[in-house]
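Report on the structure given below.
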Protein chains: 2
Amino acid sequence: MSYLKQISDKELKEGIEHFIQEAKGKYVPSVTLDTVIFGFHDNKLKVLLLRFAQTAHFILPGGYLSKDEDLDMAALRVLRERTGLDNIFLEQFYTSGKKNRTSNSIVSQLMKDLLGNLPADHWFNQRFVSVCYYALVDDTKVNPKPEPFFTEFKWFDIEAIPVLLYDHNLIVEKALKRLQTDLDTKLVGSKLMRDSFTMNELQKLYEAVFQHPFVRTNFQRKMLSLGILERLEKQYTGKSHKAPYLYRFTKDPLED
Amino acid sequence: MSYLKQISDKELKEGIEHFIQEAKGKYVPSVTLDTVIFGFHDNKLKVLLLRFAQTAHFILPGGYLSKDEDLDMAALRVLRERTGLDNIFLEQFYTSGKKNRTSNSIVSQLMKDLLGNLPADHWFNQRFVSVCYYALVDDTKVNPKPEPFFTEFKWFDIEAIPVLLYDHNLIVEKALKRLQTDLDTKLVGSKLMRDSFTMNELQKLYEAVFQHPFVRTNFQRKMLSLGILERLEKQYTGKSHKAPYLYRFTKDPLED
DNA sequence: ACAAAAGTGTTAACATTACACCCATGA
DNA sequence: TCATGGGTGTAATGTTAACACTTTTGT
């Protein structure tokens, strides 16, 4: 699934200039937010990426911190603006601050082409520290909204993330590592699954996140022994084999 | 152990004004670093705190990010400046960004008393996002260096941390939680122990970090089974009981 | 009856826990 | 020889892993 928006250089240039006009008064300098949005479909773990402006390159959805806004609230806002979703599961997992992390020839070349040589104190010439969050979403409910800088949304398989701008590949890696430990310890699986699901579907999620297979029979018992699943009615699919039970997460394991 | 430095209001005021002169050109705006420095002595887990200027209040050692400096390097520098230590084990664990986290009547009142009413765009009136690191140090090697804002260094037992300025109590809590998981998973114990130690001393460290007792005999076997300890000669203390073996961490468990 | 997938049973290996026991030391 | 703390043994229990076996479904 991908979402496209055509835009001219002129529109882009105007959009960027308009943004910068506002940004200086509105946002905290030097701080950005980046979000790694995980979804799960086709038995694969996916990450939502944006195509950056007129380039062929992708980037993590991100944004800035408003001066009158908590950091966590800013992350929720960025997600709402991009995905249309509220009540999203969000975890801060890393802050990226290498001094040259945003000095990327592709982006600066594009900016130069569009806007000419920027003065040293220009908004885009700031040295940014980026606070990174990961989000777990039910991708069927996501309704991505492109905006001036970004012209295409696309879900990428975690195993096939392209080369991203800036240090965003590193950030995705760290997000995945954190998701792995959180799936183990905080049992956040419910945030990625539909309301009800078969044990096989849940196993596919675990296999996608940990990137290795589990033994079916042992996986089933392990999950049931955690006491966070409720068995519902059977799901008759018309296939010529035993109908699997559907399951549902009973309580939110995070609320305790 | 504590380190004191007497300072007059005049000296403090001049120190602060001198700092501000420099800060604007030197540091990235809106970003601070805070460090939770853990040490271990008297069988207790300790945290190094600074008494803030003329107040009775304590605060975490912190600093600012230079414009030409990686975030991790800044954290190392802050630690070097404060403790005189190099090659310190440092882990980033959290970034604190609530909008009112530094609006603290005590600090702002002190600043007001010393410097008068500050303009809205003054360095100290910035809204800061703080990137937090924890450090593990051999406290016998620490040589704290007070500087203008901070007049006293003191090690506090983790169980007796006073009310700190800003949101620093919250940050210490999060640091301890992270230390607990890192002691389990990354086996960072070596960073807090002397070169050689008895099993009993190591157990006391674990008990201090996890804040609960372990069964002596099982603890011993668990530690030895990890394959990260080397048994040295016995330590004869003159006490009338069996002399305990000394142990040493063989390899750094983090290097793999 | 059969293939295919879901669900349950079983056993060995491994890890954890709770103690009992023995050992070394200096007074 | 006694008290004290250090080190080892062991049996009960709990967890994990591998795989055999049974059940259910539509053709």
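The values are calculated or read from the model by the stated rules, or taken from the named source; none is laboratory data. Predicted model, so just to flag it, every value in this text is computed and none were measured. Because the Cβ atoms are built from the backbone with ideal geometry, glycine has one as well, and the counts that use them run over all protein chains shown. With ligands, DNA and RNA removed, areas are computed over all heavy atoms of the protein, side chains included. Shrake-Rupley method; radii C 1.70, N 1.55, O 1.52, S 1.80 Å.
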### Task
Report, in degrees rounded to the nearest 10, the 0 to 90 angle that the Cα long axis of helix B:216-225 makes with the longest principal axis of chain B.
90
#### Entry: Other-chain or far-sequence residues with amide H under 5 Å of B:LYS99's (modelled H)
A:ASP70, A:LEU71
### Task
Starting from a label point 7 Å past Cα on the Cβ side, list the distances from B:ASN143 to the same position in the other copies, nm, shortest first.
6.5
### Task
Return the residues of the stretch B:16-51 for which accessible area with all protein chains present is lower than in the chain on its own by 40 Å² or more; set the probe to 1.4 Å and exclude ligands, DNA and RNA.
B:SER30
## Note on the structure
Quick calc, the protein assembly as shown, dipole around Cα centre from Cβ unit charges on Lys, Arg (+) and Asp, Glu (-), nearest 20 debye, gives 1280
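Given the convex hull over the Cα atoms of the stretch B:151-242, what projected area results after averaging over all orientations, in nm²? If you can, show how the numbers build up before the last one.
Details: hull surface 34.2 nm².
Hull-based average projected area comes out at 8.5 nm².
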#### Entry: Rh (Kirkwood; distinct C-alpha pairs) - chain A, Å
20.0
#### Entry: Cβ-vector label at 7 Å, B:PRO119, separations to other copies in nm
1.7
### Task
Please say if the stretch B:13-81 is rounded, prolate or oblate, where rounded means a/c under 1.5 for a ≥ b ≥ c the square roots of the C-alpha gyration tensor eigenvalues, and otherwise the choice is prolate for a/b larger than b/c and oblate otherwise?
oblate
### Query
What gaps in nm, shortest first, separate A:ARG231 from its twins in the other copies when you place the label 7 Å past Cα toward the beta carbon?
5.0
### Message
Just the number please: accessible area per residue for the stretch B:111-226, 1.4 Å probe, all protein chains included, in Å².
### Response
47
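How many times 2.2 N^0.38 Å is the alpha carbon radius of gyration of the stretch A:145-186? Provide the component values of the computation, followed by the final result.
On the way: Rg = 13.1 Å, N = 42, 2.2 N^0.38 = 9.1 Å.
Cα-based Rg divided by the globular estimate yields 1.44.
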### Query
Taking all pairs of different Cα atoms in the stretch A:193-249, averaging 1/r and flipping that mean, what Kirkwood radius in angstroms comes out?
12.0
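Return the equivalent ellipsoid semi-axes of the stretch A:8-49 as a descending list in whole Å, where each equals the square root of 5 times an eigenvalue of the C-alpha gyration tensor.
One finds semi-axes of 32, 17, 6 Å for the stretch A:8-49.
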### Query
If ligands, DNA and RNA are left out, what is the accessible area of B:TYR245 with a 1.4 Å probe, given in Å² to the nearest 10?
80
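Rounded to two decimals, what is the ratio between the C-alpha radius of gyration of the stretch A:46-142 and 2.2 N^0.38 Å?
Working: Rg = 15.1 Å, N = 97, 2.2 N^0.38 = 12.5 Å.
Computed over Cα atoms of the stretch A:46-142, the ratio equals 1.21.
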### Message
If you roll a 1.4 angstrom probe over the protein chains with everything in place, what fraction of the accessible area of chain A belongs to carbon and sulfur, to the nearest %?
### Response
49
### Task
Would you please classify the overall shape of the protein assembly as shown from the alpha carbon gyration tensor, given that a ≥ b ≥ c denote the square roots of the eigenvalues, rounded means a/c under 1.5, and beyond that prolate means a/b larger than b/c while oblate covers the rest?
oblate
### Task
Could you work out how far apart the two model spin labels at B:GLN211 and A:ALA23 are, taking each label as a point 7 Å from the Cα in the direction of the beta carbon, and quote it in nm?
4.3
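How much accessible area is lost when chains B and A come together, counting both sides, with a 1.4 Å probe, in Å² rounded to the nearest 100?
1600
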### Query
Which of the peptides A:48-54, A:121-127, B:190-196 is most tightly packed, and how do the rest follow, going by the mean number of other Cβ atoms within 10 Å of each residue?
A:48-54, B:190-196, A:121-127
